[in-house]
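Reviewing the structure listed below.
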Amino acid sequence: MTTTDQYHPTRRTAPSTVDESAQSATAHEVSASASRPTTPIVQGLALLDKDPRYDRRTGHAALLVDVCFLDGTKTTAKLELDPGRVQLLSMQLERAIALREAAGKEESE
């Protein structure tokens, strides 16, 4: 007789010969969760000092970014923006620049 492994429904394992009530459920759960890969957690993105690329065929713009993870590692990725997102980003950046200039004027007064 075989039973189905709870983490791999297609994998069959032999039933335990040890009385399962005597086993520690916590130890089994810890070993099972410790063996599964974890998803890295993104801490933030940083724009690279590179010119954006523009694809005339699709109208998409692409920016290179560093993806920084909580464990201290990073990788480079491409942030692709459709035409509507390019326009939205342009308006958001213009607003951020205007707010920065207004804050600078208030500090100098």
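The table for this structure:
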quantity	calculated
Any hit, region 64-75, residues being among the β-branched types (Val, Ile, Thr) and farther than 29 Å from Pro40 by Cβ	no
Count of residues meeting criterion [of a type outside the set (Gly, Ala, Ser) and under 30 Å from Thr38 (Cα atoms)] in region 48-81	18
Looking only at region 58-101, and only at residues there that are more than 24 Å from the chain's Cα centre (by Cα) and modelled with pLDDT under 95, the one that is surrounded by the fewest Cβ atoms within 10 Å (Cβ to Cβ)	Thr58
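The values are calculated or read from the model by the stated rules, or taken from the named source; none is laboratory data. Note that the coordinates shown come from a computational prediction; the quantities given were computed from them, not determined experimentally. Ideal geometry is used to build each Cβ from the backbone, glycine not excepted, and the neighbour counts take in all protein chains shown.
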